[in-house]
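The values are calculated or read from the model by the stated rules, or taken from the named source; none is laboratory data. Since the structure is predicted, the reported quantities are computational estimates derived from the model, not experimental observations. Counting neighbours? That spans all protein chains shown, and the Cβs are built from the backbone with ideal geometry, glycine included.
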Amino acid sequence: MRIDHPYKNLKGGAWLRGNLHTHSTRSDGAHAPQDVLNLYAKAGYDFLMMSDHDVYTTEADYKALDSRGLVLITGNEISAKGVHLLHVHADKLVSPHEDRQQVIHEIAQGRGFSIVNHPMWFREFDHCTFDKLEAWQGYAGIEIYNGVIGRLHGSPYALDYWDRLLARDRRVWGYAHDDFHNKEKGDFALGWNVVYAKRNPKSIVEALRHGRFYASTGVEITDIAVKGRRIRIKTRNAERIVAMRDVAQRIAVADKKELTIEVPADAKYIRFECWGRGEKFAWTQPFWIVK
Ligand SMILES: [Zn+2]
Ligand SMILES: [Zn+2]
């Protein structure tokens, strides 16, 4: 057996933090684009994507603003007529057809990729049902955490859907985002992705596309190492680390900042949840056990 995972050869780059789900006054956000950039830059973010509803933010739009040192990624949120999708690294505005599989295909034909947003939004937790996630092909992953849903109906989390997809051999990544609309309402700096990449849009987008990142709401992972059948996770501030296999079955729990496990040969995948104080988490991407 071997362990297939996205954290191989972490050299030549750095861990960079960013949010891909950000609204401004170009759609229903409360703050002007420059104010949004100022806010994220001031908080020490490395990269940001504006994702206004069916409004594509281009490289030219960004050039008209002061980046304040942020690496800026083009994009938008496909919103009208169905489940919301992030179009990351967009090179055009894809029309929000009702047929979301068609939208995902169209996105995949360009340079970017798609993420299915806040599946558990709404009173019935059914913004995007599991059936759709299972049927659709070609998206990179789902939001396992979406901050703004914390003040709306439904759940910000979609970890159960994620485990069910992973157990069906779907290699989809888990992303965490603010879905920033309004700083006064508390949407800011709730969830982010920490990628291992070089500080430019291409390298960051490739890391996000290929899973070279972890999702976080406040726990920082400092090392991810795989040696033979062992996986070791080190954090700065976890109070508990949980290793899980298919399907969300806990195989190790440590009330420490780090955890090393030996991978069971019959597991399909392993993933780690690092729990901190005050609803702070970090979620690694899956490690696949290949026979
Ligand atoms: Zn949305
Ligand atoms: Zn949104």
ask   = Would region 106-120 turn up any residue that is within 21 Å of N146 (Cα to Cα), within 16 Å of ligand 2 (Cβ to nearest atom) and surrounded by fewer than 22 Cβ atoms within 10 Å (Cβ to Cβ)?
value = no
task = Answer yes or no as to whether L65 is over 17 Å from L190 (Cβ atoms), surrounded by fewer than 24 Cβ atoms within 10 Å (Cβ to Cβ), away from ligand 2 (no atom under 14 Å from the Cβ) and modelled with pLDDT of 95 or more.
result = yes
task = Report, by residue number, each residue of region 68-92 that is within 23 Å of W121 (Cβ to Cβ) and surrounded by fewer than 14 Cβ atoms within 10 Å (Cβ to Cβ).
result = A80, K81
Region 21-62 - residue that is in a loop (DSSP other than H, G, I, E, B) and without any contact (Cβ under 8 Å) to a residue 12 or more places away in the chain and, of those, nearest to ligand 2 (Cβ to nearest atom) = T25
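Looking only at strands (runs of 3 or more DSSP E) that fall completely inside region 69-180, which ones have 2 or more residues that are under 23 Å from G278 (Cβ atoms) and within 16 Å of ligand 1 (Cβ to nearest atom)?
Where strands (runs of 3 or more DSSP E) fall fully within region 69-180 and carry at least 2 residues being under 23 Å from G278 (Cβ atoms) and within 16 Å of ligand 1 (Cβ to nearest atom), they are 141-146, 173-177.
Restricted to region 233-289, and to residues that are more than 21 Å from F213 (Cα to Cα) and among the aliphatic types (A, V, I, L, M), which residue is surrounded by the fewest Cβ atoms within 10 Å (Cβ to Cβ)?
Restricting to residues being more than 21 Å from F213 (Cα to Cα) and among the aliphatic types (A, V, I, L, M), the top hit is A265.
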note = Of V263, V226, V205, V247, the only residue that is within 30 Å of L70 (Cβ to Cβ), among the β-branched types (V, I, T) and touching a residue at least 60 places away in the same chain (Cβ under 8 Å) is V205
request  = For H23, work out the one condition from (1) within 20 Å of the chain's Cα centre (by Cα); (2) more than 16 Å from ligand 1 (Cβ to nearest atom); (3) of a type outside the set (D, E, K, R) it doesn't fulfil.
outcome  = (2)
